[in-house]
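Step one of this worksheet: look at the structure below.
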Amino acid sequence: MHVREDPAPSGQLPVLPDEFAGRLRRHNPSNVIAVAFSGGPDSLALLILAAAWARGRPGVRLVALTVDHGLRAGSAAEAVTAARLAATLGVPHRILTWTEPKPGSGIQAAAREARYRLLAAACREAGAGDLLVAHHLEDQAETFLLRLRRGSGVDGLAAMPEARALDAGTPPLRLLRPLLDLPRARLAATVAQAGLTPVLDPSNENDRFDRVKIRQAMSALEALGFDAAGLADTAGRMARARAALEAQTAALLDAYAVLSRFGHVEVEAAGFARASAETRLRALAAILKCVGGRAYGPRMDGLVALDASLADGTLGRGRTLNGVKFSLARGRLLAVRELAAARKSAPLRLAPGATGTWDGRFDVRLDTAGSHSYLDVRALGAEGLGLLASAGLALPLAPRTALAALPALWAGPVPVSVPHLGTLDAAVKAEATIVPREFFAQIRG
């Protein structure tokens, strides 16, 4: 376990309660709020401020969540220290442990993904509508520089937003960064004023990691005029540019795209082609995320190749990208979930009354299961379509490939219900709705 004193920097003013309250107020936070809490200086400052804010608001409940990635020998002890700090502040606390096998490469990216997955699940269990994280001004500047080095476009250079959706579930769960425009020194002053000692994570000083290298280079950049505040301002301008492009993308999709309740998207190709290249690429990325059930879009080179094949008429019999099959017929572009990709989705087993997300595309709820204690959600497939047809169920006028990739509830080798199409067991009642996706809430279909 590594612990250090972090005295208040000379001349730095701690973050005032009214400052913090104002930052939260503009987001209309929920009554149950979680705080991502490592015990380090930044998250400790956040928890100090959030605890003071919550104490003055009856009906508001706070919970601190610490993720132990298990990547260092001392991480478990550090999580226990974080729990003690939370108890000192009167905040209920949970330790979330990453128990899955660790990858041999890309460990930081995998740890980040696991961290937010664990945090989101814990927020759901606690009934929290918002998760607060302690990213600050220098974090924003470092993110901008990292993405600049990777050749990111407008979206990447917009860096981190102050608020964003954490997952696509219902009710909404948001991630809030109320300290994003505040320098690290003011957070350290807040901790020093409270008389608490934060935990030190030694990986924050390990120059094997790109973010640490950027942090160490900041002093040299500041001498050239590239200070954290200026870099964060540039990220803010990029964010405004991104918002304008997103508005154009939403308008394009609203005018020419239709999202079917079966999860596929049809696009009027001629109208779509008249849009600017940047807007078309963004729209294609949005379609891919919606139809493919992914939180992130594909690599830019794949998008550019797909767009080029539409423009020059070489799409032919189709092209598959990120588990989505694109084809063009009679002037309409069709995007359908690839059955093979849907079959690779994580297994989902539902007991009566339970709800789960399948393939990142559909929220499935099992109301009653008849004589079954549980049912498994899997892709319907061509064989399932055949069983439905032989049972006399009429299939809708929709691409069979889209129907085959729909969620079905299976009892062993038999599909007993397909919420979109019908049931083979009248005692089984289930529903499936499309997971909300950016840009597509307003699309007809």
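Just a yes or no: is a residue in the range 251-262 among the charged types (D, E, K, R) and closer than 16 Å to Ala405 by Cα?
Yes: the range 251-262 contains one or more residues that are among the charged types (D, E, K, R) and closer than 16 Å to Ala405 by Cα.
Does Ala134 meet the test of being aliphatic (A, V, I, L, M) and in a loop (DSSP other than H, G, I, E, B)? Lay out the reasoning, then the answer.
On the way: aliphatic (A, V, I, L, M): yes; in a loop (DSSP other than H, G, I, E, B): yes.
Against the criterion (aliphatic (A, V, I, L, M) and in a loop (DSSP other than H, G, I, E, B)), Ala134 qualifies.
Mind checking which residues of the range 319-344 are charged (D, E, K, R), within 15 Å of Phe262 (Cβ to Cβ) and part of a strand (DSSP E or B)?
Lys325, Arg337
Could you tell me which of the residues Gly353, Gly316, Gly360 is of a type outside the set (Phe, Trp, Tyr), touching a residue at least 40 places away in the same chain (Cβ under 8 Å), part of a loop (DSSP other than H, G, I, E, B) and at positive phi? Working first, answer last.
Working: Gly353 fails: touching a residue at least 40 places away in the same chain (Cβ under 8 Å); Gly316 fails: touching a residue at least 40 places away in the same chain (Cβ under 8 Å).
Step by step, each of Gly353, Gly316, Gly360 is checked, and only Gly360 is of a type outside the set (Phe, Trp, Tyr), touching a residue at least 40 places away in the same chain (Cβ under 8 Å), part of a loop (DSSP other than H, G, I, E, B) and at positive phi.
Which strands (runs of 3 or more DSSP E) does the range 375-437 wholly contain that include 2 or more residues that are surrounded by fewer than 18 Cβ atoms within 10 Å (Cβ to Cβ)? Working first, answer last.
Numbers: elements: 375-379, 407-411, 414-418, 428-434.
Filter on the range 375-437 gives 428-434.
Go through Leu339, Leu334 for me and flag whichever is in contact with a Pro (Cβ under 7 Å, 6 or more places away or on another chain), open to solvent by 20 Å² or more (accessible area, probe 1.4 Å) and touching a residue at least 60 places away in the same chain (Cβ under 8 Å). Before the answer, list the steps.
Details: Leu339 fails: in contact with a Pro (Cβ under 7 Å, 6 or more places away or on another chain).
It is Leu334.
Could you run through the range 36-75 and say how many residues are more than 19 Å from Leu182 (Cβ to Cβ) and aromatic (Phe, Trp, Tyr)?
Residues that pass the stated criteria total 0.
Please return the ranges of strands (runs of 3 or more DSSP E) entirely within the range 10-100 where 3 or more residues are open to solvent by 20 Å² or more (accessible area, probe 1.4 Å) and of a type outside the set (Gly, Ala, Ser). Walk me through it before giving the result.
Numbers: elements: 32-36, 61-68, 93-97.
Counting at least 3 such residues, we get 93-97.
Would you confirm whether any residue within the range 304-326 is open to solvent by 30 Å² or more (accessible area, probe 1.4 Å) and closer than 30 Å to Ala141 by Cα?
Among the residues of the range 304-326, at least one is open to solvent by 30 Å² or more (accessible area, probe 1.4 Å) and closer than 30 Å to Ala141 by Cα, which makes the answer yes.
Taking the range 167-181 as the search range and keeping residues that are within 15 Å of the chain's Cα centre (by Cα) and assigned to a loop (DSSP other than H, G, I, E, B), which one is modelled with the lowest pLDDT? Spell out the reasoning first.
Initial filter on the range 167-181 (within 15 Å of the chain's Cα centre (by Cα)): 167-177.
From what is left, the residues that are assigned to a loop (DSSP other than H, G, I, E, B) are 168-172, 177.
On the way: Ala168: 64, Gly169: 67, Thr170: 68, Pro171: 75, Pro172: 82, Arg177: 97.
Across the range 167-181, the extreme among qualifying residues is Ala168.
The values are calculated or read from the model by the stated rules, or taken from the named source; none is laboratory data. Everything numeric here is computed off the predicted structure, so don't read it as measured data. Cβ: placed from backbone, ideal geometry, glycine included. Neighbour counts: every protein chain shown. Side chains are part of the model used for accessible areas, which takes the heavy atoms of the whole protein and leaves out ligands, DNA and RNA. Shrake-Rupley method; radii C 1.70, N 1.55, O 1.52, S 1.80 Å.
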